[in-house]
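See below for the structure under consideration.
The values are calculated or read from the model by the stated rules, or taken from the named source; none is laboratory data. Computed from a predicted structure; not experimentally measured. Cβ placement follows ideal geometry from the backbone for every residue including glycine, while neighbour counts extend to all protein chains displayed. When the accessible area is computed, the model is the full protein with side chains, heavy atoms only, and any ligands, DNA or RNA have been set aside. Shrake-Rupley method; radii C 1.70, N 1.55, O 1.52, S 1.80 Å.
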Amino acid sequence: MKIFAVAYNYPGHNKAATDALYNREDPVVFTKADSSLLKGGRPMFLPDDLAPVDAEVELVVRICRLGKSIPERFACRYYDAVTCGVDFTARNLLLSLQQQGLPWELSKGFDGAAAIGEWMPVEGLDRKDIRFQLDVNGNPVQQGVSSGMIHSIDAVIAYISRWYTLRTGDLIFTGAPSAAVVVKENDHITGYINNEKLLEFNVK
């Protein structure tokens with residue numbers, strides 16, 4: 001199983017100081033280690049040496065068939081379910097790596113850095129109007145909708161499949177709609193798609 005993620009895929013999390021969008025041409029894609037996957041409501045344990053850790057809510061799609069160089073018009077056939085996910089980031093480490101021009105994976109792919117909830121079948125959903133939300137301790141902190149993406153789910157799948165063969169069970173985090181929030185010990189995290197709670201866990 002491979003875990004892909006997209007950065008800067010919503011205007012609210014993309015615009016530079018000039019109010020221009022960064023990298024509108026192609027999605028910015030990175031990967032996470034399979035050991036970063038956190039599911040089943042298990043707690044997320046904050047790494048002692050990586051504070052502060054940020055959380056970003058994202059719509060996650062599950063690949064359901066083998067594909068390579070998938071045309072965008074057929075990409076909708078290659079995922080069968082979505083869920084609410086959280087992309088965790090060791091913020092100071094990320095900034096240090098970026099300043100040195102180094103890869104991001106250490107700050108994005110540590111154990112527990114990719115939380116996902118229960119799956120919701122896409123059949124019957126309006127794929128252009130999938131709404132998702134992250135609550136921390138019962139308070140809404142981030143909200144997004146699939147129509148707000150700069151690069152749509154289908155465009156992201158088509159782009160990734162140019163470089164990687166997609167296989168059943170691969171996951172794609174499709175981007176955060178707004179700036180990250182810092183999480184701390186004992187926070188209670190819940191995530192929703194179309195007001196249905198799919199994700200719930202504690203931070204330890």
Determine if segment 124-137 includes at least one residue that is open to solvent by 30 Å² or more (accessible area, probe 1.4 Å), touching a residue at least 24 places away in the same chain (Cβ under 8 Å) and in contact with a Phe, Trp or Tyr (Cβ under 6 Å, 6 or more places away or on another chain). yes
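Against the condition part of a helix (DSSP H, G or I) and at pLDDT 95 or above, how does Ile189 come out, does it pass? Steps first, please.
Details: part of a helix (DSSP H, G or I): no; at pLDDT 95 or above: yes.
Criteria not met by Ile189.
Give the number of residues within segment 49-65 that are assigned to a loop (DSSP other than H, G, I, E, B) and acidic (Asp, Glu).
Looking only at segment 49-65, we keep the residues that are assigned to a loop (DSSP other than H, G, I, E, B), and these are 49-52, 64-65.
Filter again for acidic (Asp, Glu), leaving 49.
Adding up the residues that qualify gives 1.
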- Query: Is there a residue in segment 40-52 that is surrounded by fewer than 16 Cβ atoms within 10 Å (Cβ to Cβ), under 26 Å from Lys128 (Cβ atoms) and at pLDDT 95 or above?
  - Reply: no
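Yes/no matrix, rows are residues, columns are (1) closer than 20 Å to Val28 by Cβ; (2) at pLDDT 95 or above; (3) open to solvent by less than 10 Å² (accessible area, probe 1.4 Å):
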| site | (1), (2), (3) |
| --- | --- |
| Val82 | no, yes, yes |
| Val86 | yes, yes, yes |
| Gln100 | yes, no, no |
| Ala114 | yes, yes, yes |
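Return the total of residues in segment 113-147 being of a type in the set (A, V, I, L, M) and part of a strand (DSSP E or B). Quick ask: steps written out before the conclusion?
Of all residues in segment 113-147, those of a type in the set (A, V, I, L, M) come to 113-116, 120, 122, 125, 130, 134, 136, 141, 145.
With the extra rule that they be part of a strand (DSSP E or B), the set shrinks to 114-116, 120, 134, 136, 141, 145.
Selection size over segment 113-147: 8.
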